[in-house]
Amino acid sequence: MLQPRETVFAALARIGNTGAKNKNKRKKWGKKNMDPEDMEKERIRKRGIERLTELADQAMARGMHVYDETYEQMVRRMRVAGRIPDDWVPGTMLQTAVQLNDELDSNDLDKGLLDDIL
């Protein structure tokens, strides 16, 4: 969801920006007259905003100030804390405790990983 050198705040602005052309189109025709393809894109866009906000809220609850940190700063913080292996390549999936067959409480799974760093 986050692009390189992007903060959560900037990502929310990017995802939320549908452009004046699309916004005027939606106002003029309303949801009932939207093209099915446009409706699907709008649904995906809204879900992206919701998911990013959920993950950011979880991070904030754990004491991370993710709205002002860039993607790289968050990855660096997770590596220093030992939550991400040094050889992890951003953009690839992280192995979870379940995949590694670790004996962790279900509440501890992916704590701090936040869907592979937001």
message = Tell me the accessible surface of residue 70 in square angstrom (1.4 angstrom probe, heavy atoms of protein chains only), to the nearest ten.
response = 30
ask   = Say each of residue 49 and residue 17 gets a label point 7 Å from the Cα, pointing the same way as Cα to Cβ; how far apart are those two points in nm?
value = 1.4
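The values are calculated or read from the model by the stated rules, or taken from the named source; none is laboratory data. On a predicted model such as this, the values are computed, not experimentally measured, just so you know. Every residue, glycine as well, gets a Cβ built from its backbone with ideal geometry; the counts of neighbours run over all protein chains shown. Heavy atoms of the whole protein, side chains included, go into the accessibility calculation; ligands, DNA and RNA do not. Shrake-Rupley method; radii C 1.70, N 1.55, O 1.52, S 1.80 Å.
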